[in-house]
Structures are given as C-alpha cells and as structure tokens.
Amino acid sequence: MTIAIADSDTALVQAAVGGNQHSFCQLYRRHQARVRSMLYQLCGAEGIDDLVQEVFLRAWKGLGKFRHRGQFSTWLYRIAWNVACDRRRAIAQYRERYTVASEEVIQQVADYQSEQELQKMHYRHLVKQGLAQLSLEHRSVLVLHDLEELPQKEISAILGVPVGTVKSRLFYARSQMRQFLMNQGVEL
C-alpha cells in the first residue's frame with residue numbers, strides 16, 4: 001500500500017498500525033522538526049537526538065493505543081512533553097544554577113564579526129537563561145505557545161490541564177520573562 005505525502009496524519013497512522021513502516025517514516029519526517037524544537041527549548045541541546053528518538057520510539061510502541069479523538073500531533077507533543085519531564089527529573093540533581101561558558105562558546109564569540117550578531121547571540125542567551133528560571137509548567141506553556149505557535153486549546157490537550165490554566169500560566173510566564181529581561185537591562 002503506497003501512501004501519498006499529502007495524506008492526512010490519520011491515514012498515515014492507520015496504515016502504520018496496519019504494519020506499513022513507510023507511513024510511520026512519513027509521520028516522523030512530518031513532525032520531527034517541531035518535536036526537536038520543542039525538546040530543545042525544554043531540555044537544551046545536550047542529548048537532543050536521543051530525546052527525539054525516545055519520543056518517536058514511544059509513539060511507535062503506543063501507536064495502537066492512539067484514539068483518533070484528537071490530532072496525532074497533539075498526542076505526539078504530549079509524548080514529547082512527557083519525555084522532557086522525564087529528562088528534567090533525571091538530571092535535576094546534577095544541574096548547576098549557573099552555566100559557565102565553554103571554550104567553544106568563547107571562540108564562537110571571538111569569531112563574530114559584527115556587533116549586531118553578538119547582540120543577537122546575547123539576547124538568545126538571555127532568553128535561554130530566562131526560560132531556565134521558569135518552572136517546567138510555565139516554561140512548557142511559553143515554549144509551546146510563543147515559540148511553537150500552538151493554540152491554547154491544543155496546549156491544554158498536550159499538558160492535560162484546562163484552557164484557563166494554560167492562559168494563567170502563559171500570563172505568568174510572560175510576566176516573569178519580561179521582568180527577567182528588564183532586570184538584565186533589556187529595554188522592552
């Protein structure tokens with residue numbers, strides 16, 4: 001059975017459950033970039049390939065349990081969120097409060113030619129630091145909504161919380177991020 005690339009996630013899931021591995025490969029190609037982005041924002045770059053692999057391994061193993069009541073992407077992002085939570089719990093005891101710049105980062109800074117590029121890198125670093133200051137619940141909502149551009153209703157389904165909770169967490173996370181950036185001297 002050949003599935004066209006334009007086929008819906010639902011058709012691809014049904015074909016994959018029926019044993020068509022090519023269909024699952026298409027689902028992977030379709031969703032891996034956003035899963036990777038979400039995991040990067042929640043967990044950082046270290047071990048990102050392993051985390052993405054874990055998400056899709058869990059999805060493959062649980063594909064038969066997917067109940068087509070919601071979108072496949074919502075179900076997949078929920079798995080990614082669970083993987084991120086597991087990862088953060090596993091490394092929480094080893095995490096340092098402050099990140100020390102490695103020689104590689106220092107060399108990258110030295111290689112930047114323009115002040116504008118250096119400033120962009122500085123702002124990205126500040127945003128990463130600001131995100132790290134938020135709880136996982138607040139950080140997740142901010143990443144999913146503002147960076148991944150998911151609607152609040154879908155975030156509600158991914159995190160298993162009411163839409164009102166998503167809204168209040170988003171408001172709080174934005175407020176905390178704004179305060180953090182202002183304390184760092186960023187004019188908003």
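The values are calculated or read from the model by the stated rules, or taken from the named source; none is laboratory data. From a predicted model like this one, the values you see are computed outputs, not experimental measurements. A quick note on method: Cβ atoms are made from the backbone with ideal geometry, for glycine too, and the neighbour counts reach across all protein chains shown.
Brief remarks follow.
- Considering segment 132-177, and only residues there that are within 23 Å of A45 (Cα to Cα) and among the β-branched types (V, I, T), the residue that is surrounded by the most Cβ atoms within 10 Å (Cβ to Cβ) turns out to be V141.
- Against the criterion of being in the same structural domain as Q129 (by TED's automatic domain parsing) and modelled with pLDDT under 90, E46 does not qualify.
- Members of segment 137-167 found to be farther than 20 Å from R178 by Cβ and either of a type in the set (D, E) or in contact (Cβ under 8 Å) with a residue 40 or more places away in the chain (or both), listed by number: L150, E154, A157, I158, L159, G160
- Among the residues making up segment 43-55, those that are surrounded by fewer than 19 Cβ atoms within 10 Å (Cβ to Cβ) and under 16 Å from R29 (Cβ atoms) are D49, Q53.
- The listed residue being under 22 Å from Y28 (Cα atoms), hydrophobic (A, V, I, L, M, F, W, C) and either touching a Lys or Arg at 6+ places or on another chain (Cβ under 8 Å) or modelled with pLDDT under 70 (or both), out of V83, V109, V100, V105: V83
- Scanning segment 56-77 for residues that are surrounded by 15 or more Cβ atoms within 10 Å (Cβ to Cβ) and in a helix (DSSP H, G or I) turns up F56, R58, A59, L63, F72, S73, T74, W75, L76, Y77.
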